[in-house]
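Asks: First, the structure itself, so that you have it in front of you.
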Amino acid sequence: MPESKKGALKRAKKLGFKKSQVVKGKKGYFIAPRGVTSRAGKKAYADLRSEGTGKAKAARIAHYVDDRAKGK
């Protein structure tokens, strides 16, 4: 579910995520999974979640995009 930037940053801090994991999607801000480190992977996660894709499926796709961005 999309959040405001302030809300996402507050929740990220509470959960132990870095600020860099908070990413803007089409409909709001989302907290990307810890293992996704590339900008492309984080953006893919936020865009998928904005479209209504579930967390687990979006995370799998984001990890795949992350690996491709890193050249693996």
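Each reported figure results from applying straightforward, stated rules to the coordinates on display, with no laboratory input. Small disclaimer: the values here were computed from a predicted structure and weren't measured. Neighbour counts are summed over all protein chains in view; Cβ atoms, including those assigned to glycine, are modelled from backbone coordinates with ideal geometry.
Asks: Tabulate in residue order the Karplus-calculated ³J(HN,Hα) for segment 7-12, using 6.51 cos²θ - 1.76 cosθ + 1.60 with θ = phi - 60°, rounded to whole Hz; enter x for Gly and Pro.
Replies: x, 5, 5, 5, 5, 4
Asks: So, one more: Hey, can you grab everything whose amide H is under 5 Å from the amide H of Glu3? Only 5+ residues off in sequence or another chain; H modelled, so Pro and N-termini drop out.
Replies: Those lying under 5 Å, H to H, from Glu3 are Tyr29.
Asks: Right, another one. Run the numbers on the chain and let me know its relative contact order in percent, using alpha-carbon pairs under 8 Å that are six or more apart. The partial results should precede the final answer.
Replies: Values: 100 pairs, mean separation 19.9, N = 72.
The value is 28 percent.
Asks: Have a look at Ala69, Phe17, Gly35 and report the one farthest towards the positive end of the charge dipole of the chain, computed about the Cα centre with Cβ charges (Lys/Arg +1, Asp/Glu -1).
Replies: Sorting the options by dipole projection puts first Phe17.
Asks: At 222 nm, what helix-only mean residue ellipticity would the chain give, in deg cm²/dmol to the nearest 500, using -39500 (n - 2.57) for each DSSP H run of four or more?
Replies: Here the helix-only value at 222 nm equals -17000 deg cm²/dmol.
Asks: Let me ask you something else. Bin width 5 Å, origin at 0, all Cα-Cα pairs of segment 5-69: what percent of pairs per bin?
Replies: Reading the bins upward from 0: 3, 23, 30, 26, 15, 3, 0.
Asks: A further question on this structure: Size of the dipole of the chain about the Cα centre, Lys and Arg at +1 and Asp and Glu at -1 on the beta carbon, nothing else charged, in debye to 20? It would help to have the intermediate numbers written out before the result.
Replies: On the way: 22 positive and 5 negative charges, 66 e Å.
The calculation lands at about 320 debye.
Asks: Further question: Show me, for segment 15-26, the HN-Hα J-couplings you get by feeding each phi into the Karplus relation (A = 6.51, B = -1.76, C = 1.60, θ = phi - 60°), rounded to Hz, glycine and proline as x.
Replies: 8, x, 8, 6, 4, 5, 7, 7, 10, 7, x, 5
Asks: Further question on the same structure: Once phi is turned into ³J(HN,Hα) by the Karplus curve 6.51 cos²θ - 1.76 cosθ + 1.60 with θ = phi - 60°, what whole-Hz value does each residue of segment 50-56 show in order, with x for glycine and proline?
Replies: Here the 3J(HN,Hα) series is 5, 7, x, 5, x, 4, 5 Hz.
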